[in-house]
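The values are calculated or read from the model by the stated rules, or taken from the named source; none is laboratory data. Quantities reported herein were computed from a predicted structural model and do not represent experimental measurements. With ideal geometry, Cβ positions are generated from the backbone for all residues, glycine too; neighbour counts draw on all protein chains shown. Please note that ligands, DNA and RNA were not included when accessible areas were found on the heavy atoms of the full protein model with its side chains. Shrake-Rupley method; radii C 1.70, N 1.55, O 1.52, S 1.80 Å.
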Amino acid sequence: MTVRCRFAPAPSGSLHVGNVRSALFSWLWARHNDGVFILRVEDTDASRVTEEAFRGVLDDLRWLGLDWDEGPEVGGPHGPYRQSERAQLYREKVQELLAGGHAYRCYCTEAELEQRKQAAMARGEAPGYDGHCRALADTQITSYEAEGRSSVVRFRMPDTEQVVDDLVKGEVRWAPGELRDFVLARRDGSPVFLLAVAVDDLLMGVTHVVRGDDLLASAPRNARVIEALGGTPPVYAHVPQVLGPDRRPLSKRHGSTSVRSFRELGYLPEALVNYLALLGWSPGDDREVLSVRDMIEAFDLARVSSNPAAFDTEKLTWLNNRYIQSLADDDLAARCVHFLVEAGVGVEPEVLRDAMPLVKERMKTLTESVELLRFLFSDDIAPNEKAGGILEKAPAGYLKEAAAALDASPAWDTETITATLDGLAAGAGLNRTKAWQPIRAAVTGSNVSPPLPESLALLGKERTVARMRAAAG
């Protein structure tokens, strides 16, 4: 049997990292088993879905490296892959379920449903549909239709215990009658989630469904619809929610939660994928840095924890720095260009590439390249607050003397610059830290920069001396 997994987002904005983790686990399971990964878009809610959001989902997944074998812009034998284009298929399956006695028309008005719900709660009973229209006589149906009542279509849930053998949660049971008859199609004939998902999983031959455990109660409903249509339900794996540091579901109140926001903050896709993979899954050892190949080889849904995992931005940032350090200088420079240009900093590719060894160990995100490297590409250097304080405390005449010494330097390389700076420090009776700080502040406008001699070598003698004399003046 070919393993067929799917990811079915509802595109209402950039993908939430919790949804991405479910997508990643599904993708890894498909790749681990040499199977098929399907991208299916649940875009039937026109009030929430825009074409821009749809394109954003595709862009997020491509940026993360989660490619799909079937789906939008790729095609496949079971398309279309957008639910908004599958309305006729859903209508046909609703008719099939009605004809087979697995579904029925419900004529209850919203007011009647609410009234019976309140009455049930007053009796201490659990709310839920009471089966009022489950076995209507033909005369009652005729009467309702004569009144002009519209109807929804409900699925007839079996009056037996429901069991799902979940790969993450284990065996989950619902008592007889706990899961009530549910709506398949609205009064206008449009499908609800529980119908569309079941029909799509059936027709697309999905064998494994990996999704958040907030949908666990949908599994027996989906499974019964698929069986009623003559199919075999997929194997389910419901992964726990991703939590914030306060152990509440991760949301905007915790800061960045979407792929787009982490991308804009300068995180690498490799780091985000690595981090999300280890959020609730372990390869069975203590490895923390895993290539995609490593993840695919080691991934097993049986090793996914059933307990919620807390998202730790500090850990992600640490991992991001590890990946930044591992990049080739040309690659890292190319990734920094976007952030420098966005900040209005024009770059010289060769200088940028040569600066990478100086910053990759201290750069936690790509956005930090702007403040670390701006001084190399712009002469509009206004000292920040700390740099201004350092310049104010510099010994009188020190910067002027340092500018003259560097200007007279016979060569302009790291070794010669270091020797000149150390000579200045010794002459002023200062240690290296206190002697170099004013020069760094004058040249870079910051109290923090890449290593000073290497920075000056890249900047060039003329620009270095000019900035120091301007600060001294």
Skip the ligands, DNA and RNA, and give the accessible area per residue of the chain with a 1.4 Å probe, whole Å². 47
For the range 113-170 and the range 444-473, distance of Cα centres in Å: 76
Using the scaling law 2.2 N^0.38 Å as the reference, what is the normalised Cα Rg of the range 327-473? 1.02
Taking every other residue with Cβ under 12 Å from the Cβ of Leu424 and scoring Lys and Arg +1, Asp and Glu -1, one gets +1
Contour minus end-to-end for Asn447 and Trp412, with contour as 0.36 nm per residue of separation and end-to-end as the Cα-Cα distance? 10.3 nm
Arranged from highest to lowest average of other beta-carbon atoms within 10 Å per residue, in what order do the peptides 173-181, 114-122 appear? 173-181, 114-122
So, over other residues within a Cβ distance under 12 Å of Met363, counting Lys, Arg +1 and Asp, Glu -1, the net charge is +2
Can you bin the range 1-93 into rounded, prolate or oblate? Criterion: square roots of the alpha carbon gyration tensor eigenvalues sorted a ≥ b ≥ c, rounded for a/c under 1.5, prolate for a/b above b/c, oblate for the rest. oblate
Which ³J(HN,Hα) values, rounded to whole Hz and listed in residue order, are derived for the range 87-102 from phi using the Karplus coefficients 6.51, -1.76 and 1.60 in 6.51 cos²θ - 1.76 cosθ + 1.60 with θ = phi - 60°, glycine and proline given as x? 4, 5, 4, 5, 4, 5, 6, 4, 5, 5, 5, 5, 5, x, x, 8
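Leaving out ligands, DNA and RNA, and with a 1.4 Å probe, what % of the accessible surface on the chain is carbon or sulfur?
The nonpolar share, carbon plus sulfur, comes to 49 percent.
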Residue-span extension gain [Glu73 to Glu114] - 0.36 nm each, minus C-alpha spacing: 10.4 nm
Label-to-label distance, nm, for residues given as Ser326 and Glu392 (7 Å Cα→Cβ offset): 4.5
Would you mind counting up the charge near Leu372? Only other residues with Cβ under 13 Å from its Cβ, with Lys and Arg at +1 and Asp and Glu at -1. +1
Sum -39500 (n - 2.57) across every DSSP H segment of at least 4 residues in the chain, then divide by the residue count to get the 222 nm mean residue ellipticity, nearest 500. -14500 deg cm²/dmol
Distance from the Cα centre of the range 72-99 to that of the range 326-386, in angstrom? 49
Taking 7 Å along the Cα-to-C-beta vector as the label spot, tell me the Glu361-Glu314 distance in nanometres, rounded to one decimal. 2.3
What residues of the range 1-42 lie in the reach of a label at Ser84, counting those whose backbone N is under 16 Å from a point 7 Å from the Cα along Cα→Cβ? 9-14, 40-42
Return P(r) of the chain (all Cα-Cα pairs; 10 Å bins starting at 0; whole %; ordered from short to long distances). 4, 16, 21, 18, 13, 10, 8, 6, 3, 1, 0
Distances longer than 27 Å among the Cα atoms of the range 239-393: what percent of all pairs is that? 37
How compact is the range 331-411 by the rule of thumb for globular proteins, expressed as Cα Rg over 2.2 N^0.38 Å? 1.32
From the phi angles alone, apply the Karplus equation (6.51, -1.76, 1.60; θ = phi - 60°) to the range 205-213 and give each ³J(HN,Hα) in whole Hz, x where the residue is Gly or Pro. x, 5, 9, 9, 10, 10, 7, x, 6
Of the listed pairs Lys360/Lys461; Lys360/Lys434; Lys315/Lys386; Lys315/Lys461, those with alpha carbons more than 30 Å apart are Lys315/Lys461
